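This report concerns only the one structure given below.
The values are calculated or read from the model by the stated rules, or taken from the named source; none is laboratory data. Predicted model only: the values in this text are computed from it and were never measured. Don't worry about glycine lacking a Cβ; one is built from the backbone with ideal geometry, like all the others, and counts go over all protein chains shown. The area values use the complete protein model at the heavy-atom level, side chains included, leaving out ligands, DNA and RNA. Shrake-Rupley method; radii C 1.70, N 1.55, O 1.52, S 1.80 Å.
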Amino acid sequence: MEVLNSVQYFDGLQAGPQSALLHISEAGFSLQVGPIWNAGAPVLYFPKVECSYQKADHQLIVFLNKKTGAYFTVDTHDPTAVAIIQLLQPVEKSFATSLFKLNAFSLLLIVLLLFSGVYWGIATVVPWAGLKIIKPETETELGEKMHEAMMGDASVDRRKTALVQSFANSLELSKVYPIKITVVKNQEVNAYAIPGGNIVVYTGILRTMQSPDELAALLGHEAAHITERHSLRSVLRSAATGLMISVIFNDVSGILSILVENAEGLRSMQFSRSMEENADEVGMKVLVKNKINPLAMKQLMQTLKENAPEMPSVLSFMSTHPATDDRIKHAETFAIPYKNSSFAANPLRDSIWRELK
């Protein structure tokens, strides 16, 4: 055994120190009392996990065992003191060093988790802040730019647009946003709401509906996505990362272009279940306010569901506004208080409906 140095050993029993020889290993300290190492004499071993040190004047005091109070001292200028401190001092491993020791799968998982956390944070904060900052007037202006960009390659049915606009005007759809209708010639069964007041309706879904009340339910539902700001929230969420970058660089034009570009996603935007149920409920309140049976919302969903096999393979409205059994039951429950109410037909809306069909 290689003896590194002599030390002064206090066993905690005797008042004075004893000369001892010290050997340092990776696991701890070995001590033998006496001036010369004797291979046959007892060796005291102290694991490093039980040891600690303290500097006092020019002495390094190494506490060997908390229970016995044993310790030894060595001069702080002695090379042995440096070795002891290195052994007992916690090794501070850098985060980067630890990462590089991980396997490729663990590294990839950590990276994905980090990016997911950052994206979730941005996707949560940006819509929340945007809804606070963007006023309805600004939202309407922004929505007009979105609508203009989205209608660039669309084939607008101007006659049916005028008819459905008149139909919408006969309903009280919103007190905040100017509801504007655009009917697009497209066999796809679809309709969607743009922030600020524009509603786009495809001729495919008009052909599918069976009554003017169903059209009122559709417009009420889409108007609710606007008045409840679901559309704006969804656009902000889908554009969150780009918006954050533009804000950091104070790029105002970039912010507008990002929002307009992301408006394209409204064609196939999927709202959360809570948003859909909220839009149904607000839409049914609109129906009641306009003297229309709220069960029209249930009839609309059932019509779309029942006719699904006969419709085009890409059934956009059913995929983005799923007519689930839960939503149908929700509509039935909402309508219960109104089962004995009277709902009169509206001659103007009936006339417009006949022209549409």
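Within 10 Å, count the other beta carbons around each residue, average over each peptide in 48-61, 281-294, and list them highest first.
Numbers: 48-61: 13.4, 281-294: 19.9.
Peptide ranking by packing, descending: 281-294, 48-61.
A crude spin-label estimate for the pair Val176 and Leu44, with each label 7 Å from Cα along the Cβ direction, gives 7.9 nm.
Rg and Dmax, both from the Cα atoms of segment 5-96 and both in Å, are 13.5, 49.
The phi-based Karplus calculation (6.51 cos²θ - 1.76 cosθ + 1.60; θ = phi - 60°) puts the 3J(HN,Hα) values of segment 24-31 at 9, 10, 5, 8, x, 10, 10, 10 Hz, whole numbers, x for Gly and Pro.
Expressed as a whole percent, the accessible area of segment 5-96 that falls on carbon and sulfur atoms is 57 (1.4 Å probe).
What percentage of the solvent-accessible surface of segment 131-244, computed with a 1.4 Å probe over protein heavy atoms, is contributed by carbon and sulfur atoms? Here it works out to 48 percent. Computed over protein heavy atoms with a 1.4 angstrom probe, the accessible surface ordering of His230, His330, largest first, is His330, His230.
If Thr227, Thr138, Thr208 are ordered by their accessible area, calculated over protein heavy atoms with a 1.4 Å probe, which sequence runs from highest to lowest?
Values: Thr227 40, Thr138 70, Thr208 10 Å².
Sorted by accessible area, descending: Thr138, Thr227, Thr208.
Run the numbers for Gln8 and His58: contour at 0.36 nm per residue of separation, minus the present Cα-Cα distance, in nm. Provide the component values of the computation, followed by the final result.
Values: separation 50, 0.36 × 50 = 18.00 nm, distance 1.37 nm.
Going from the current span to full extension adds 16.6 nm.
Report the gain in length on full extension from Ser351 to Ile133: 0.36 nm times residue separation, minus Cα-Cα distance, nm rounded to one decimal.
Values: separation 218, 0.36 × 218 = 78.48 nm, distance 4.23 nm.
Length gained between Ser351 and Ile133: 74.3 nm.
Under 18 Å of direct C-alpha separation, and excluding same-chain neighbours fewer than eight residues apart, Lys291 reaches these aspartates and glutamates: Glu172, Asp213, Glu214, Asp280, Glu281, Glu332, Asp350.
For a distance above 16 Å, tell me the whole-number percent of Cα pairs in segment 141-194 that qualify. All intermediate terms of the calculation are to be shown ahead of the outcome.
Working: 700 of 1431 pairs.
Within segment 141-194, distances greater than 16 Å cover 49 percent of Cα pairs.
Solvent-accessible area of Trp37, all protein chains in place: 70 Å² (probe radius 1.4 Å, heavy atoms, ligands and nucleic acids excluded).
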